[in-house]
Amino acid sequence: MLRRYREAAGVSQEALAARAELHRNYVGLLERGKQVPTLLVVEKLAGALGMTMSSIIRDVEKEDGKTK
């Protein structure tokens, strides 16, 4: 899901990492599902993508089939 958001925003992993003040490799791990982000990281990524944390969480819940 993070990759879709990033690509929709038209930014590279490196640019997203810089905007979110995260390491580029960590962003790659998140995109591949190899790491689970903390709420602080979700907040940083949301800000870097011009989104809200709640919109990201809502999308994750929809994808997991947890919301109606």
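The values are calculated or read from the model by the stated rules, or taken from the named source; none is laboratory data. Model, not experiment: these values are computed from the prediction. Using ideal geometry, Cβ is built from the backbone for each residue, glycine included, and neighbour counts are taken over all protein chains shown. Please note that ligands, DNA and RNA were not included when accessible areas were found on the heavy atoms of the full protein model with its side chains. Shrake-Rupley method; radii C 1.70, N 1.55, O 1.52, S 1.80 Å.
Quick one: is TYR5 free of Cβ contacts under 8 Å to residues at least 60 places away in the same chain and touching a Leu at 6+ places or on another chain (Cβ under 6 Å)? When the stated conditions are applied, TYR5 passes them.
State the number of residues belonging to segment 43-54 that are in a helix (DSSP H, G or I) and either more than 11 Å from TYR5 (Cβ to Cβ) or at pLDDT below 95 (or both). Walk me through how you get there before you give the answer.
Start the filter on segment 43-54 by keeping residues that are in a helix (DSSP H, G or I), which leaves 43-49, 53-54.
Going one step further and asking which of them are either more than 11 Å from TYR5 (Cβ to Cβ) or at pLDDT below 95 (or both), we end up with 43-44, 47, 53-54.
Final tally of qualifying residues: 5.
What number of residues within segment 8-42 satisfy the criterion of being open to solvent by 90 Å² or more (accessible area, probe 1.4 Å), outside any helix (DSSP H, G or I) and touching a residue at least 12 places away in the same chain (Cβ under 8 Å)? Total satisfying the criteria: 1.
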